[in-house]
1. So which residues in the stretch 38-60 are in contact (Cβ under 8 Å) with a residue 24 or more places away in the chain and aliphatic (A, V, I, L, M), if there are any at all?
2. Which one of these does THR102 not meet: (1) surrounded by 18 or more Cβ atoms within 10 Å (Cβ to Cβ); (2) within 21 Å of MET184 (Cβ to Cβ)?
3. Please identify the pairs in which a residue from the stretch 17-37 that is in contact (Cβ under 8 Å) with a residue 24 or more places away in the chain and under 10 Å from CYS84 (Cβ atoms) has its Cβ atom under 7 Å from the Cβ atom of a residue that is acidic (Asp, Glu) and open to solvent by 20 Å² or more (accessible area, probe 1.4 Å), counting only partners at least 6 apart or on another chain.
4. Of the numbered conditions (1) surrounded by 17 or more Cβ atoms within 10 Å (Cβ to Cβ); (2) at pLDDT below 75, ILE162 fails exactly one; give the number of that condition.
Amino acid sequence: MRMRFKKRRVRRVAMLPTLVTLANGICGTLAIMKVGDGIKGQAGAFEHAAWLILAAMIFDVLDGKIARMTGTASKFGGQLDSLCDLVTFGLAPAFLVKAICTDPASALFPEWRGGVFCVFSAAGGAGRLARFNVAAAPDEKFHAEFAGLPTPAAAGVVVAGIIPWTEFGNEISALMVRILPLVMFFIGLLML
């Protein structure tokens with residue numbers, strides 16, 4: 001009887017970090033959906049997408065800490081975390097920047113070049129996450145050092161440029177948004 005209870009308890013505890021990880025992925029998916037709404041002209045959609053990416057960063061910090069704290073860190077959790085990170089911190093920022101910077105009147109770069117920069121950044125995030133998964137170890141010491149810019153930090157740079165633009169709309173924040181495709185290119189390099 002006791003063995004059955006222990007196995008069930010462990011499974012329940014392992015669900016908590018998995019749900020937190022999935023919350024990260026859900027925020028990223030919703031952010032991509034909000035970008036689509038923004039393209040259709042819905043007011044405030046780009047701002048909501050940026051805030052969803054920011055909320056996902058909180059879930060991303062919590063999932064690994066909860067898994068290690070409860071002793072439920074696993075390869076499955078690591079893989080799921082990387083997949084959710086790719087959606088939230090790789091694809092969502094790329095879609096967001098591409099959508100915001102498509103206006104030919106205000107763009108610094110031709111639309112195709114801005115798109116290439118955004119794709120390069122998403123590819124850099126995928127490469128960085130794949131390298132992380134191959135080299136991942138469950139102990140806390142491994143998570144203290146990074147090889148390449150972490151994907152949440154890369155998304156944070158993008159969000160830090162977009163939220164002031166949506167909140168204030170002044171010339172400085174508008175200039176920051178106009179150079180975001182180039183920033184995306186350098187972020188992609190830093191992740192690799």
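1. The initial filter retains those residues of the stretch 38-60 that are in contact (Cβ under 8 Å) with a residue 24 or more places away in the chain, namely 38-39, 44, 46-47, 49-57, 59-60.
Across the stretch 38-60, the qualifying residues are ILE39, ALA49, ALA50, LEU52, ILE53, LEU54, ALA55, ALA56, MET57.
2. Failing condition for THR102: (1).
3. That search, which allows pairs on different chains as well, returns THR21/ASP81; ASN24/ASP60.
4. (2)
Here is a yes/no grid of residues against (1) at pLDDT below 95; (2) part of a helix (DSSP H, G or I):
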{"site": "LYS7", "(1), (2)": "yes, yes"}
{"site": "GLY28", "(1), (2)": "no, yes"}
{"site": "ALA43", "(1), (2)": "yes, no"}
{"site": "ALA49", "(1), (2)": "no, yes"}
{"site": "LEU52", "(1), (2)": "no, yes"}
{"site": "ALA55", "(1), (2)": "no, yes"}
{"site": "VAL61", "(1), (2)": "yes, yes"}
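The values are calculated or read from the model by the stated rules, or taken from the named source; none is laboratory data. Quantities reported herein were computed from a predicted structural model and do not represent experimental measurements. In this analysis, Cβ positions are derived from the backbone assuming ideal geometry, glycine residues included, and neighbour counts consider all displayed protein chains. We work out accessible area using only protein heavy atoms, side chains counted, and drop any ligands, DNA or RNA first. Shrake-Rupley method; radii C 1.70, N 1.55, O 1.52, S 1.80 Å.
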